[in-house]
Amino acid sequence: MITFDREPDTYKHWKVDINENRATLFLDVSEKDGIKPGYDLKLNSYDLGVDIELNDIVQRIRFEHPKVKVVVITSNQEKNFSAGANIYMLGQSEHTWKVNFCKFTNETRNGFEDSSYTGSIKFIAAVNGICAGGGYEVALACDEILLVDDRSSTVSLPEVPLLGVLPGTGGVTRLIDKRKVRKDIADIFCTNADGVRGKKAVDWKLVDYIAPPSKFDDLINERVSKVTASVKLRNGENGIKLKALNRNITNEGIDYDTIKARINREDRIANIHIIGPKSVDVIDINEVIKMGSNWWALKFARELEDLILLLRTNELEVGVLTITSEGSTDDILSVTSILEDNKNVWFINEITGLLRRTLSRLDMSSRSIFTIIDNNSCFSGLLAELLFAADRTYMLNNSMSPENTKGPFITLSDINFISLEMVNGLSRLATRFNNDEPKLNALHKIVGKKLNAEEAFEEELITIIPDDLDWNEEIRLSVEERTSFSPDALTGLEANLRFPGKETCETKIFGRLTAWQNWIFNRPNAVSEKGALKLFGTGSRAKFDNKRV
Amino acid sequence: MTNLNYQEKIPNNVDLGTDLSLQRALEHWQPKFKNWWTEMGPEGFQASDVYLRTATSVDSDGWATYGKVKMPEYRWGIFLNDKVEDRKIHFGDNIGKPVWQQVPGDYRSILRRLIVTQGDTEPASVEQQRELGKTCPSLFDLRNLFQVNVEEGRHLWAMVYLLHAYFGRDGREEAEALLERNSGDVDNPRILGTFNEPITDWVSFFMFTYFTDRDGKYQLKSLAESSFDPLARTCQFMLTEEAHHMQVGETGITRMIQRTLEVMNELKTDSIDAIRNAGAIDLQTIQRYINFWFSSSLDLFGSEISSNSATAFANGLKGRPDEMRYEDHSEKNSTFTFDGLSLENTIETQTIPMRNAMNEITRRAYVTDCEVGLKRWNRLIKKSGYNIELKLPSTRFRRNIGIWAGVDVSPEGQLITKNEYDKSLGAWLPSENDKEFINSLMVQVTKINKTAGWIASPNRGINNMDIGYEYVNLKK
């Protein structure tokens, strides 16, 4: 079973040096320590294991080292920054593994930019050697790229000429959208396996600055101090230690403090049951900082992230996630307002960032999501995001029931309008209503109001509101129907319906680039016995089916 | 400029006189080359007349024309072995198809990289050796140093010719970069690590020409098999000159050993101190220099398991040295078995696709070639009645590239602990004390018929000239 949580003393591939407001990450991949057998991680090439460590390192810097404003990514291997994703690993992997690998690495890269754009840490790639493919894609995700000008270090995206696939971790998109490289230059760059060095790399906007080896450290120092000045919300003194997750994995499910997940492999369903905050979590900001990683919101974000990653990687056939919750609506609203009222406190900014990125992982999980609101639910405030992340929501309508005519309720909060944007740059509510401003203004007016099923349905916040008699049967039928459809068609359908409206760099990466890459990954020209990806390293040339499709 | 003038200025057999675009490229490059030679070439002897061999054609008369010349005026020429009509590709996936007279588009960048990497080593060694003239053991040796230097310069020309003639604008840019990188320059170092270490003493020079130039020989032999015909023919001709460089190394080491044995016999001792006090180099020190240079030269062949070497072989870009000696020239489904390193850090037998083993196959041929000299030297030692044997260390010893990189291995090839390795490494490689001692011997000797005391006189001159001939006229 692949797990994603790491402890700093177990890192095999990275060395981390923290010095006041700068953290330097040295990539030094241990060749023999691939996460799976069958390949050597030569030339600082990486696999999922290397990226899991990177994700953990950056996460810990965000929380445990609040003085750090700039992360410098560089290499500890002479003349070699990174050769990118390991080709033999890709060549031997099943399609699902390749897709999940790319997804996770994409999310880590996007996480750099998410932090950079929201007042948290910024990133500088100090490219001190040959930097190819995925290695350059890591650099592209940074705020600045510095390249050593030693007449031999190059940046390159050799995927098309060498491997018959795309630079699929954002490479193509960031080149033209983020760095604004002209498309014909990008065309030359992406078809030349040798790459570009020195001044030409600057002229082509592939890197930001160059310096000869003897002046490279000076350049790094200069850029770090410049970039440091633009970082807004890294003003903490003492870090918050991220304690190990309290997790229990059994055959039936995965339990944490704030989430209990039940996996039904026969029916291919997993239930994610959230246990909302308690009164001990409703405290002032200083107390929150004291509680650190035990505070509900941070604990929940970390546990949900871990669960999503475990399900994605290890439970490939679970097709439907049902999300339920229990707890007090008042408490979740109070916890939400702590987040809303303290946006300028670095710790809260980091928790919000982690929540935002984690909810985005859920949007990208290629699973059907049904959120179910029953009598004990607490889907309000920040947990209301799980209503809008879902493909469908079911809310119990008790208006006909003799016993309980009051609940359940949902309540909107400011956080549903701002701070937890999806990868398209819009809140889930704005996405739900395709950025319809009058509608969003009307919804903003009912922030804080308790809505029962009929009211919530009236406001278009809920899909279906079965009454107490239909409730169980309605949900069973919907889930069974869902699991009977083609998983591929569902993934495609959901990925299209979840993102109406405008595009961003990230939606293009997850949409256009990933979709094309996954198509290419399935085509004989890449992965048949005579495909370019399969034959790489054997010396034999690929035999292409030359029909353009 | 007329055809004749061109032949005079740049001896060639590539019809330079009628190729206008090539003329333009080379005319642009030649002044830069001359500047480079003046700035980075042999220090202090640019005005001396040196008795040098110049290639003026590829036939048996022309490849070695002797005469005195000032090095900056040396006529660096461009020569390819004669074309074999209807030559066919003889290894890889395209056996039987005609060889390429032009660069195929699909292989453009990989061929360019091969040529640039090879080309970069040629001027690098000139730069590494530029100070050696100041401590030459004799005029004969000084002349040999310069002969090696100008021919490395010619080899650079040969690679630049290919870049200019076949690779368009990119090729011209790469040709300029070959002069912009300099050995040991922090900002613009040479491509391969070994070529950035200065060679400051003559023991190292002889070791370099014996061990490191021999790597060059094997790289050239591989490229001499190439399906890109102009590259193959260029390298075939370069091999003639490269053989002379190794000769300089082999006779140099032989003469050192001879001198040591003379001293041992005169003093009737094998005491290291006594030998050193008498100004000769003890065999133990020579062994440590062998350990150092052999192991660092092995890295130049690349990793034992290599996808690049498989690509180069399968596509017919780079063959095995003496490819025709092998039976199977496709090696598509064959395997190669060797002692590799297991995950538990033990030595275990591993089997890999033959094509991925091309570096290792070339390295093994190289090692066998290196052993020839060792046999000769040991015979000399034995004949003098001493029971000391010089040995090549294991190919696993002190490697920085490939599966043995960073693994703690003794010169005998045994896996040992890091502790043992660190403790013994000083005894296996030249120590500071050794280097100080060697440097103390490095005193310039330029009197006619004289040779420094740490090395025996040569037993014959150049081109049938007398040993006492003034091979270099210093007073200019």
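The values are calculated or read from the model by the stated rules, or taken from the named source; none is laboratory data. Since this is a predicted model, take the numbers as computed values, not measurements. In this analysis, Cβ positions are derived from the backbone assuming ideal geometry, glycine residues included, and neighbour counts consider all displayed protein chains. Side chains are part of the model used for accessible areas, which takes the heavy atoms of the whole protein and leaves out ligands, DNA and RNA. Shrake-Rupley method; radii C 1.70, N 1.55, O 1.52, S 1.80 Å.
Do we have A:LEU497 as in contact (Cβ under 8 Å) with a residue 12 or more places away in the chain, surrounded by fewer than 12 Cβ atoms within 10 Å (Cβ to Cβ) and more than 14 Å from every other protein chain (Cβ to nearest Cβ) here?
yes
Just wondering, is there one or more residues in segment A:43-61 that are in contact with a helix residue (DSSP H, G or I) (Cβ under 8 Å, 6 or more places away or on another chain) and within 14 Å of chain B (Cβ to nearest Cβ)?
Within segment A:43-61, one or more residues are in contact with a helix residue (DSSP H, G or I) (Cβ under 8 Å, 6 or more places away or on another chain) and within 14 Å of chain B (Cβ to nearest Cβ).
Within segment A:258-286, how many residues are touching a Phe, Trp or Tyr at 6+ places or on another chain (Cβ under 6 Å) and farther than 15 Å from A:ASN248 by Cβ? If you could, list the steps in order and put the result at the bottom.
Pass one, segment A:258-286, residues touching a Phe, Trp or Tyr at 6+ places or on another chain (Cβ under 6 Å): A:258, A:277, A:281.
Next, only the ones that are farther than 15 Å from A:ASN248 by Cβ stay: A:277, A:281.
Residues that pass the stated criteria total 2.
When both residues are 6+ apart or on different chains and their Cβ atoms are under 9 Å apart, which pairs have a first residue that lies in segment A:85-102 and is over 18 Å from A:PRO158 (Cβ atoms), and a second that is open to solvent by less than 30 Å² (accessible area, probe 1.4 Å) and part of a strand (DSSP E or B)?
Here the result reads A:PHE101/A:ALA85, each pair linking segment A:85-102 to a residue that is open to solvent by less than 30 Å² (accessible area, probe 1.4 Å) and part of a strand (DSSP E or B).
If you go through segment A:296-336 one residue at a time, how many are crowded, with 23+ Cβ neighbours inside 10 Å and assigned to a loop (DSSP other than H, G, I, E, B)?
0
Which of the residues spanning segment A:532-545 are modelled with pLDDT of 90 or more and either away from every other protein chain (no Cβ under 14 Å) or on the phi > 0 side of the Ramachandran plot (or both)?
Result: A:ASP545, single match.
Out of A:LYS200, A:LYS241, A:LYS183, A:LYS226, I need the residue that is in contact (Cβ under 8 Å) with a residue 40 or more places away in the chain and open to solvent by 30 Å² or more (accessible area, probe 1.4 Å). Which one? Write out each step before concluding.
On the way: A:LYS200 fails: in contact (Cβ under 8 Å) with a residue 40 or more places away in the chain; A:LYS183 fails: in contact (Cβ under 8 Å) with a residue 40 or more places away in the chain; A:LYS226 fails: in contact (Cβ under 8 Å) with a residue 40 or more places away in the chain.
The unique qualifying residue is A:LYS241.
Only residues in segment B:75-95 that are closer than 30 Å to A:LYS530 by Cα and within 14 Å of another protein chain (Cβ to nearest Cβ) count as the first member; pair them with residues that are aliphatic (A, V, I, L, M) and open to solvent by 50 Å² or more (accessible area, probe 1.4 Å), Cβ under 6 angstrom, at least 6 apart or cross-chain, and list the lot.
B:ILE89/B:ILE95
May I ask you to say which residue of A:GLU503, A:GLU529 is within 14 Å of chain B (Cβ to nearest Cβ) and either touching a Gly at 6+ places or on another chain (Cβ under 8 Å) or outside any helix (DSSP H, G or I) (or both)?
Working: A:GLU503 fails: within 14 Å of chain B (Cβ to nearest Cβ).
Matching residue, one of A:GLU503, A:GLU529: A:GLU529.
Which one of B:THR234, B:THR212, B:THR240, B:THR194 is within 14 Å of another protein chain (Cβ to nearest Cβ) and either open to solvent by less than 10 Å² (accessible area, probe 1.4 Å) or part of a helix (DSSP H, G or I) (or both)?
Just a single option satisfies the conditions, and that option is B:THR194.
Given the condition aromatic (Phe, Trp, Tyr), assigned to a helix (DSSP H, G or I), over 15 Å from the mean Cα position of the chain (by Cα) and within 13 Å of chain A (Cβ to nearest Cβ), answer yes or no: does some residue in segment B:152-166 qualify?
No: zero hits.
Which ones in segment B:291-324 are buried (at least 22 other Cβ atoms within 10 Å of the Cβ), outside any loop (DSSP other than H, G, I, E, B) and within 12 Å of another protein chain (Cβ to nearest Cβ)?
B:SER309, B:ALA310, B:THR311, B:ALA312, B:PHE313, B:ALA314
Name the residue that is farthest from A:VAL70 (Cα to Cα), counting only residues in segment A:140-151 that are open to solvent by 30 Å² or more (accessible area, probe 1.4 Å) and facing chain B (nearest Cβ under 10 Å).
A:ARG151
Just checking, does segment B:267-282 include any residue being of a type in the set (S, T, N, Q), away from chain A (no Cβ under 14 Å), part of a helix (DSSP H, G or I) and open to solvent by 30 Å² or more (accessible area, probe 1.4 Å)?
Yes, the conditions are met somewhere in segment B:267-282.
When you look at B:ASP170, is it open to solvent by 20 Å² or more (accessible area, probe 1.4 Å) and either more than 24 Å from B:GLY302 (Cα to Cα) or within 11 Å of chain A (Cβ to nearest Cβ) (or both), yes or no?
It is true that B:ASP170 is open to solvent by 20 Å² or more (accessible area, probe 1.4 Å) and either more than 24 Å from B:GLY302 (Cα to Cα) or within 11 Å of chain A (Cβ to nearest Cβ) (or both).
Can you tell me which of (1) assigned to a helix (DSSP H, G or I); (2) open to solvent by 30 Å² or more (accessible area, probe 1.4 Å) is the one B:THR200 doesn't meet?
Result: B:THR200 fails condition (1) only.
Does any residue of segment A:376-391 turn out to be over 23 Å from A:SER328 (Cα atoms) and assigned by TED's automatic domain parsing to the domain that holds A:GLU473?
Looking for residues that are over 23 Å from A:SER328 (Cα atoms) and assigned by TED's automatic domain parsing to the domain that holds A:GLU473, one finds at least one in segment A:376-391, hence yes.
So B:THR335 passes all but one of these: (1) within 14 Å of another protein chain (Cβ to nearest Cβ); (2) without any contact (Cβ under 8 Å) to a residue 60 or more places away in the chain; (3) crowded, with 17+ Cβ neighbours inside 10 Å. Which condition number does it fail?
Looking at each condition in turn, B:THR335 falls short on (3).
Within segment A:173-194, track down each residue that is β-branched (Val, Ile, Thr), in a helix (DSSP H, G or I) and in contact with a Phe, Trp or Tyr (Cβ under 9 Å, 6 or more places away or on another chain).
Result: A:ILE185, A:ILE188.
Just wondering, is there one or more residues in segment A:474-489 that are assigned to a helix (DSSP H, G or I) and among the basic types (Lys, Arg)?
yes
Surrounded by 15 or more Cβ atoms within 10 Å (Cβ to Cβ) and within 17 Å of B:VAL160 (Cα to Cα): is that true of B:LEU114 in this structure?
So B:LEU114 passes the test.
Filter segment B:119-132 down to residues that are in a loop (DSSP other than H, G, I, E, B) and either within 12 Å of chain A (Cβ to nearest Cβ) or not basic (Lys, Arg) (or both), then give me how many there are.
Selection size over segment B:119-132: 2.
Among the candidates B:ILE352, B:ILE416, which residue alone is over 26 Å from the mean Cα position of the chain (by Cα), more than 12 Å from chain A (Cβ to nearest Cβ) and open to solvent by less than 70 Å² (accessible area, probe 1.4 Å)?
Among B:ILE352, B:ILE416, only B:ILE416 is over 26 Å from the mean Cα position of the chain (by Cα), more than 12 Å from chain A (Cβ to nearest Cβ) and open to solvent by less than 70 Å² (accessible area, probe 1.4 Å).
Of all residues in segment B:424-437, count the ones that are closer than 12 Å to B:PHE292 by Cβ and touching a residue at least 60 places away in the same chain (Cβ under 8 Å).
6
With the condition kept exactly as written, say whether any residue in segment A:4-23 is within 14 Å of another protein chain (Cβ to nearest Cβ) and either open to solvent by 50 Å² or more (accessible area, probe 1.4 Å) or not in a strand (DSSP E or B) (or both).
yes
To keep it simple, each residue is scored yes or no on (1) under 22 Å from B:ARG363 (Cα atoms); (2) in a loop (DSSP other than H, G, I, E, B).
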site	(1), (2)
B:ILE388	no, yes
B:LYS391	yes, yes
B:VAL407	yes, yes
B:TYR421	no, no
B:ASN433	no, no
B:GLU436	no, no
B:THR451	no, yes
B:TRP454	no, yes
B:ARG460	no, yes
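In this structure, is A:ASP218 open to solvent by 10 Å² or more (accessible area, probe 1.4 Å) and more than 14 Å from chain B (Cβ to nearest Cβ)?
no
Go through segment B:96-118 and give me each residue that's closer than 30 Å to A:PHE189 by Cα and away from chain A (no Cβ under 13 Å).
B:VAL99, B:TRP100, B:GLN101, B:GLN102, B:VAL103, B:GLN118, listed by residue number.
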